[in-house]
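Participant: I am attaching a structure below and will ask some questions about it afterwards.
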Amino acid sequence: MKRFLTIFFIMSILMTSFAVPAFANEEETTISKQEQQKMVNVAHRGASAHAPENTMAAFHKGVEMKSDYIEIDVQMTADEELVIIHDTTVNRTTNGTGAVGDLTLEEIRALDAGSWFSEEFAGEKIPTFEEVLDAFRGKVGILIELKSPELYPSMVEKVADALKERNMAHTNNEKIIIQSFNHESMELSKELLPEIPHGVLAGLTWAGVTDEQLEAFATYADYFNPNQNIVTPELVDRVHAVGMEIMPYTSRSQEQANRLFDLGVDGIITDYPEHVYHHPVKNN
Ligand code: G3P
Ligand code: CA
């Protein structure tokens, strides 16, 4: 009996030592599982740590990894077609060269947007905006970033038209958010799409954003989405105080995600959806 009790005691110690937490970040953050479940999980340019950014493969991966939203960067071709690509040239993420705005849709669609990431993704194309809307509406939220709208004078209207044509502008049941670093474009977009939530993106230069500036943003924006490096507990409180939500960008490690959890943000824009606990969608 004594021997049995000794073995039982040793087994108990070993089981406690090797117990795996239910969530990767469970022991590293101070917030509860319930609070983590409310955290909006945004796959930045799709699940871009796992597939070439801003391709259908990356967006499908984001859905597969149970993100709440995929984030997409919208630009416009020479023949005024909306396409999904981050840089204002195709040089970094395709086998071509040149400015997005100087190339036609046909030229853009002939490019390989996957091989630079891995041969496994050879043949991936630069998607069109409409292709992404049609493929993912109702399956995952879409956080639409208008990238450099100052280069493309009709882009705001064209994005609004594409949403209206699909009856996606009346309510936010389909979970659409539009955001941009160009805040004037957001004011215009909000006028065209008053029922769609909008976001103001804020880079490092906005570290000293004032309450007056936040109040002005809140007249047309629902989100203040800053670079993660300017986020403090005070900033989170001040954004909430004017009635906006805050989803910082771009988390690329579990430590960064945990810090943002602890700061009390509403969502995390990340290349790694697996760093944010998979959870039911938070309503807008
Ligand atoms: O969603 C915000 C984030 O995407 C902004 O930065 O340069 O990755 O478009 P960037
Ligand atoms: Ca972006």
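Participant: Would you call N95 part of a loop (DSSP other than H, G, I, E, B) and closer than 27 Å to G203 by Cβ?
Facilitator: no
Participant: Run down A58, A24 and say which single residue is modelled with pLDDT of 90 or more and either open to solvent by 10 Å² or more (accessible area, probe 1.4 Å) or not in a loop (DSSP other than H, G, I, E, B) (or both).
Facilitator: After ruling out the rest, the residue left standing is A58.
Participant: Filter the range 34-49 down to the residues that are in contact (Cβ under 8 Å) with a residue 12 or more places away in the chain and more than 14 Å from ligand 1 (Cβ to nearest atom), then identify the one that is surrounded by the most Cβ atoms within 10 Å (Cβ to Cβ).
Facilitator: Of everything passing the filter in the range 34-49, M39 is surrounded by the most Cβ atoms within 10 Å (Cβ to Cβ).
Participant: Cβ contacts < 8 Å: first residue of a type in the set (S, T, Y), restricted to the range 237-253; second residue surrounded by fewer than 18 Cβ atoms within 10 Å (Cβ to Cβ), any location; separation 6+ or different chain. Result?
Facilitator: So the pair list comes out as Y249/N227.
Participant: How many residues are away from ligand 1 (no atom under 16 Å from the Cβ) and farther than 16 Å from V140 by Cβ if we restrict to the range 167-185?
Facilitator: So the answer is 5.
Participant: Which condition number in (1) over 25 Å from E80 (Cβ atoms); (2) open to solvent by 70 Å² or more (accessible area, probe 1.4 Å) is the one that E191 fails?
Facilitator: (1)
Participant: Residue under question is L201, and the condition is that it be out of contact with any Leu (no Cβ under 7 Å at 6 or more places or on another chain) and closer than 30 Å to F136 by Cα; does it hold?
Facilitator: yes
Participant: Further, regarding this structure: Look at the range 142-166 and say how many of its residues are within 14 Å of ligand 1 (Cβ to nearest atom) and of a type in the set (S, T, Y).
Facilitator: Number satisfying all stated conditions: 1.
Participant: Please determine, by comparing only the residues of the range 48-68 that are more than 19 Å from I178 (Cα to Cα) and within 15 Å of ligand 2 (Cβ to nearest atom), which one is farthest from the chain's Cα centre (by Cα).
Facilitator: It comes out as P52.
Participant: Hey, can you tell me all the residues within the range 86-136 that are open to solvent by 40 Å² or more (accessible area, probe 1.4 Å) and within 16 Å of ligand 2 (Cβ to nearest atom)?
Facilitator: H86, T88, T89, R92
Participant: Another question, if that's okay. If you go through the range 68-107 one residue at a time, how many are under 14 Å from S148 (Cα atoms), within 15 Å of ligand 1 (Cβ to nearest atom) and hydrophobic (A, V, I, L, M, F, W, C)?
Facilitator: Final tally of qualifying residues: 6.
Participant: For M186, indicate whether it is part of a loop (DSSP other than H, G, I, E, B), open to solvent by less than 30 Å² (accessible area, probe 1.4 Å) and assigned by TED's automatic domain parsing to the domain that holds E80.
Facilitator: On the way: part of a loop (DSSP other than H, G, I, E, B): no; open to solvent by less than 30 Å² (accessible area, probe 1.4 Å): yes; assigned by TED's automatic domain parsing to the domain that holds E80: yes.
It is false that M186 is part of a loop (DSSP other than H, G, I, E, B), open to solvent by less than 30 Å² (accessible area, probe 1.4 Å) and assigned by TED's automatic domain parsing to the domain that holds E80.
Participant: Could you tell me which of the residues S148, S185, S154 is away from ligand 2 (no atom under 16 Å from the Cβ) and modelled with pLDDT of 95 or more? If you could, list the steps in order and put the result at the bottom.
Facilitator: Details: S148 fails: away from ligand 2 (no atom under 16 Å from the Cβ); S185 fails: away from ligand 2 (no atom under 16 Å from the Cβ).
Exactly one residue qualifies, and that residue is S154.
Participant: How do the strands (runs of 3 or more DSSP E) wholly within the range 195-284 filter down when requiring 2 or more residues that are buried (at least 18 other Cβ atoms within 10 Å of the Cβ) and not assigned by TED's automatic domain parsing to the domain that holds V63: which remain?
Facilitator: none
Participant: Mind listing whichever residues of the range 213-235 are out of contact with any Phe, Trp or Tyr (no Cβ under 7 Å at 6 or more places or on another chain), within 15 Å of H183 (Cα to Cα) and of a type outside the set (S, T, Y)?
Facilitator: Once the filter is applied, which keeps residues that are out of contact with any Phe, Trp or Tyr (no Cβ under 7 Å at 6 or more places or on another chain), within 15 Å of H183 (Cα to Cα) and of a type outside the set (S, T, Y), the range 213-235 yields Q213, E215, A216, A218, A221, D222.
The values are calculated or read from the model by the stated rules, or taken from the named source; none is laboratory data. None of these values were measured; they are calculated from a predicted model. No Cβ is skipped: glycine too gets one built from the backbone with ideal geometry, and neighbour counts run over all protein chains shown. When the accessible area is computed, the model is the full protein with side chains, heavy atoms only, and any ligands, DNA or RNA have been set aside. Shrake-Rupley method; radii C 1.70, N 1.55, O 1.52, S 1.80 Å.
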